[in-house]
Amino acid sequence: MKDMLVQVEPLIPALRRYARALMRDRAAADDLVQDCLERAVSRWHQRRDGSVRAWLFTILPNLAFTQFRRATARGRHMPIDEAGEQELVSAAAQEQRLIYQDVLRKLAKLPEEQRAVLLLVAVEDLSYADAAEVLNVPIGTVMSRLSRARDRLQQEMDGVAPGNVVALRSSK
C-alpha cells in the first residue's frame, strides 16, 4: 500500500489539471480524479509492469469519455432551485481571464481525440510514446492528431473556421 501511495501521490496534481481541461468544471474534474484513483486502488493488482503515470492517464480519459457518452445520452439536468449563483451569473473578469476562457472554448471545439492528444503532449508533457500508450493508438496516430489539433486550434485562434477557407484564383 505504501509503495502505491509513493507512486500515485505525486501524480495527483497532473491528473487534476488534465481532468479540469477535459471536464471544464472543477467539481466534475475532482470527482473524475477521485473515481480514477478509486479504480487504480481497487485494480492495483491488475496493473502491468510499466509507467504508473501512463496507466493513470489511461484510466482518467476512459472514465471521462464514459461520462461524456452518458451525459450526451441523458442530457444535462440542473434544477433551478439547486443552481447556485455561479451557474446563473458570470462575474466581471480581467482581460487575461477572458483570453484564457476563449482558449478553453476553442480547445473544446476540437474533436475529443485531438483535444486528448494535445492536452497529454502539450499540457502534461507526455512523450509521444507515452501518449500513444495512454490512448492505445500507434505513435504515428498521436503525431498526426497532434498536428491536426495544433493546426485547427491555430485556425480557431486566428478566427478562420476550419473548412471555410476558399482559395481564390486570379481571372485575367
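When a/c is below 1.5 the answer is rounded, else prolate if a/b is larger than b/c, else oblate, so apply that to the stretch 1-60 with a ≥ b ≥ c taken from the square roots of the Cα gyration tensor eigenvalues. In terms of gyration-tensor shape, prolate.
The residues neighbouring TYR100, those whose beta-carbon lies less than 13 Å from its own, together hold a net charge of +3 under the Lys/Arg +1, Asp/Glu -1 convention.
Each residue of the stretch 141-152 is assigned a 3J(HN,Hα), and the resulting list reads 5, 4, 5, 5, 5, 5, 4, 5, 5, 5, 4, 5 Hz, derived from the Karplus form 6.51 cos²θ - 1.76 cosθ + 1.60 (θ = phi - 60°), x at Gly and Pro.
At a Förster distance of 25 Å, what's the computed FRET efficiency of ALA27 paired with VAL52, Cβ-Cβ distance as r, to 0.05?
Efficiency, from the Cβ-Cβ distance: 0.45.
The calculated FRET efficiency for the pair MET157 and ASN62, based on their C-beta separation and a Förster distance of 22 Å, comes to about 0.15. Dividing the radius of gyration of the alpha carbons in the stretch 92-161 by their Kirkwood radius gives 1.05 for Rg/Rh. Computed from the C-beta positions of MET1 and ASP125 and an R0 of 30 Å, the FRET efficiency is 0.60 to the nearest 0.05. Fully extending the segment from ILE12 to ALA108, taken as 0.36 nm per residue of separation minus the present Cα-Cα distance, adds 32.3 nm.
Throughout, read-outs are computed from the coordinates displayed, never taken from laboratory work. For clarity, every value in this text was computed on a predicted model and none was experimentally measured. Reconstructed Cβ throughout: ideal geometry from the backbone, glycine too, with neighbour counts over all protein chains shown.
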